[in-house]
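Notes follow once the structure below has been shown.
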Amino acid sequence: MTAGTPDGPGRPEDDDLGFEIPDDLSGLDGLDPAPAEQARPAGQVDEGPSVEVPDDLAGLEAAAAEPDEPVVAIVVTQVAGAKPLAAACSLAGVDVDAVPSPVGALAVLRHTADAAGTAEAAAAISRMLRTSPVILLDRRAGRIAASRWSAGEKEDDLAAGLVLSGAPDLLDDLLVGGKPVGEVAGVETSVGMSRWAAMRALSAGGRRRRD
């Protein structure tokens, strides 16, 4: 054979290589070549994948400011029963679940998206109850705000701790204990109550007081 051919003098002997070269190399056809590693200049440190830090972090600040607990707002009244209070709230245009309690019926507000809205609800309820003051307890973002309202006007801010110190356990359970209002016995709602039904409930309550 001539030089340069596989079997000619240009091919080294298998014994000289230290391992045997197989005659059939078809099994290597399906193998992908290993990716070539990019050479790094001498002295350069591998810093790993780059991380892009956004310039505007307002989204993170807003997320941190969001409360981790639900907002609860309760108007404490001196109304003797839950149904008369639900009727008064219906006439005032305020959606509540009225709960009976030893100190007077409690109006658990349905809409508590913002503090201004709960303040408007307390004003409307106190306006309907006229000379009977009410106390608004608003818990949001882990803090409780207390204020006294009368005849549609805010009178003053109160220390929430003092208000709750002598309050019944039910008020504490609803405000900070996470008790669902639906689990309380004797709940009456103002939602869906007609004006005629509300007036009738108030008239019945007035007759019972006179008796």
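All of the numbers you see were taken from the coordinates with simple rules; none came from a lab. Please read all numbers here as calculations on a predicted model, not as lab measurements. Here Cβ is always computed from backbone atoms with ideal geometry, including for glycine, and neighbour counts include all displayed protein chains.
In whole angstrom, note down how far apart the Cα centers of region 119-141 and region 152-169 are. Answer, in whole Å: 11.
Over 15 Å, how big is the tail of the calculated P(r) for region 136-207, in percent of all Cα pairs?
On the way: 1765 of 2556 pairs.
Tail of the P(r) past 15 Å holds 69 percent of the pairs.
Evaluate the distance, in nm, between pseudo-label points positioned 7 Å from the Cα of Ala159 and of Ala80 along their respective Cα→Cβ axes. The two pseudo-label positions are separated by 3.4 nm.
Quick one: length gained pulling Arg200 to Arg110 fully straight, 0.36 nm per residue minus the C-alpha distance? Spell out each step's value before the answer.
Numbers: separation 90, 0.36 × 90 = 32.40 nm, distance 2.32 nm.
Here the answer is 30.1 nm.
Placing a label point 7 Å from the Cα of Asp173 along the Cα-to-Cβ line, the residues of region 125-166 whose backbone N sits under 18 Å from it are 164-166.
Just need log10 I(q)/I(0) for region 67-210 at q = 0.09 Å⁻¹, Debye formula, equal scatterers on the alpha-carbon atoms, no solvent, rounded to two decimals. Reported log10 I(q)/I(0), two decimals: -0.24.
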